[in-house]
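The values are calculated or read from the model by the stated rules, or taken from the named source; none is laboratory data. Owing to the predicted nature of the structure, the values given are computational and were not obtained by experimental measurement. Neighbour counts run over all protein chains shown; Cβ positions are idealised from the backbone, glycine included. Side chains included, ligands, DNA and RNA excluded: accessible areas come from the protein's heavy atoms. Shrake-Rupley method; radii C 1.70, N 1.55, O 1.52, S 1.80 Å.
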Amino acid sequence: MLKYLIYILYFLIGVSLGVWLLPDLISLLPVELPLLLDNVLIHGLIGGLLFLFLFLWTVPKVESLIAKGEGMILNRNLPEIIFATLGMIIGLVVAVLISLLLNTLNIPIVSEVISFALAVILGYLGFQIGMKKHTELLDVFPGQNGRQAGKVVQGQKKLVDTSAIIDGRIVDVVKTGFIEGELVVPQFVLDELQLIADSTDAMKRDRGQRGLDMLNELQDSGLDVTVQPVAYEKLDVDQQLVQLAKEEDAALITTDYNLNRVCQVHNIKVLNVNELSDAIKLVIRQGDTLDIMVTKHGKEEGQGVGYLEDGTMVVIEEGRNLINRTVSVEVTSVLQTNSGRIIFTKRES
């Protein structure tokens with residue numbers, strides 16, 4: 001539908017140009033055309049068809065640009081749209097007032113160019129200020145105090161990465177209420193999940209299907225989770241996440257270490273689920289006692305192995321014969337490795 005509207009718009013622009021320019025061009029011809037060909041209807045028809053023929057190649061690009069702008073606007077809440085529009089109107093009014101002063105200088109070309117530039121710049125600045133600062137503007141009104149229609153203004157928008165969805169821990173973290181605001185899954189992240197879920201590799205396919213299940217669980221939980229339609233040409237998820245986070249001043253939820261580092265370079269706030277997990281791990285010191293279930297044999301002779309709730313490995317000396325039993329153990333040492341902690345214990349005497 002949008003494509004046909006662009007065709008109509010192009011044709012109407014061509015009609016206007018044809019009616020305006022063709023009479024002057026025809027008057028320059030050495031021969032006089034018959035009235036059947038030299039009239040407003042023919043001028044408009046020729047101009048419309050000629051404009052369509054010359055600029056038909058730009059239609060897909062214009063359509064993509066409009067669709068992208070439409071997606072960005074539809075994913076904004078109503079106060080943002082209202083204040084962005086008011087900001088743009090104020091910017092244009094200021095540009096008009098300045099232009100009136102410039103017109104008194106009687107410098108035609110300079111005045112027109114500067115007036116047009118002021119309209120573009122001030123209109124854009126007003127739009128951005130209204131959209132990005134709408135919560136602060138709401139605080140100016142009495143009785144608002146950062147509230148809209150009885151609800152507290154939500155926190156910063158958060159984009160969810162593919163790795164965080166597949167990891168699955170984000171579901172439990174969000175349910176606890178520690179993360180506020182809108183969670184947004186861009187369309188290209190959903191498409192990457194679908195691509196992984198359709199992979200011929202069994203391991204990748206399982207990860208993709210798990211990610212889709214986690215996303216469905218997030219949406220079914222009643223949380224503020226939306227899928228944002230974003231137009232893109234190629235599936236470069238990390239680069240597009242960084243660009244989208246910068247455009248919308250959003251934070252990023254991920255478990256990807258490299259993406260975390262890239263976001264730090266671009267001054268994008270990152271909520272890394274792995275860092276959260278490390279921060280809330282149980283602090284264990286030498287001499288502490290634990291109740292642990294021995295689940296399997298250890299690498300060394302006589303050792304048994306169990307695991308804490310967070311997955312930390314616990315090695316029990318002389319625990320080989322205690323498999324499938326819960327025993328009380330004393331911590332003898334804690335070893336930090338690249339893959340995590342290993343806790344060495346002995347059976348409490």
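Structure notes:
- P(r) of the chain over all Cα-Cα pairs, binned every 10 Å from zero, in whole percent: 5, 15, 18, 20, 15, 11, 7, 4, 3, 2, 1, 0
- Net lengthening on full extension, Phe55/Val113 (0.36 nm per residue, minus Cα-Cα): 18.3 nm
- Which listed pairs, of Lys132/Lys281; Lys157/Lys204; Lys158/Lys204; Lys204/Lys346; Lys158/Lys296, have C-alpha distances above 32 Å, in listed order: Lys132/Lys281; Lys204/Lys346; Lys158/Lys296
- Label-to-label distance for Glu348 and Ile73 is 6.6 nm, based on points extended 7 Å past Cα in the beta-carbon direction.
- Rounded to the nearest 20, the Cβ-based charge dipole of the chain about its Cα centre (Lys and Arg +1, Asp and Glu -1) stands at 340 debye.
- Taking the accessible area of the chain, probe 1.4 Å, and keeping the other protein chains in place, the carbon and sulfur fraction comes to 62%.
- Counting only DSSP H runs of at least 4 residues, each contributing -39500 (n - 2.57), and dividing by the residue count of the chain, the helix-based mean residue ellipticity at 222 nm comes to -17500 deg cm²/dmol.
- Length gained when the stretch Glu63-Lys281 is fully extended (0.36 nm per residue, less Cα-Cα span): 73.5 nm
- Straight-line reach from Lys61: taking Cα to Cα under 22 Å and skipping same-chain neighbours fewer than 8 places apart, the lysines in range are Lys3, Lys234.
- Accessible area per residue (1.4 Å probe, heavy atoms of protein chains only) ranks Ile196, Ile98 as Ile98, Ile196, with the largest value leading.
- When Lys299, Lys157, Lys3 are compared by accessible surface with a 1.4 Å probe, the order from highest to lowest is Lys299, Lys3, Lys157.
- Note on surface exposure: Tyr232, Tyr257 rank Tyr257, Tyr232 by accessible area, highest first, 1.4 Å probe.
- Listed peptides 284-292, 89-97 by packing density, highest first (mean Cβ within 10 Å): 89-97, 284-292
- The accessible area of Glu247, taken with all protein chains in place and a 1.4 Å probe, comes to roughly 70 Å².
- Within the full protein context, the accessible area of Arg325 is estimated at about 110 Å² for a probe radius of 1.4 Å.
- Between Lys175 and Thr226, residue separation times 0.36 nm minus the direct Cα-Cα distance comes to 16.8 nm.
- In this label model, Gln239 and Val40 are separated by 5.1 nm, measuring between points 7 Å along each Cα→Cβ vector.
- Surface analysis of the chain yields an accessible area of 64 Å² per residue, using protein heavy atoms and a 1.4 Å probe.
- When its C-alpha radius of gyration is set against 2.2 N^0.38 Å (N residues), region 191-349 gives a value of 1.42.
- In whole angstrom, region 180-272 maps to an equivalent ellipsoid with semi-axes of 22, 17, 13, each derived as √(5λ) from the alpha carbon gyration tensor and ordered largest first.
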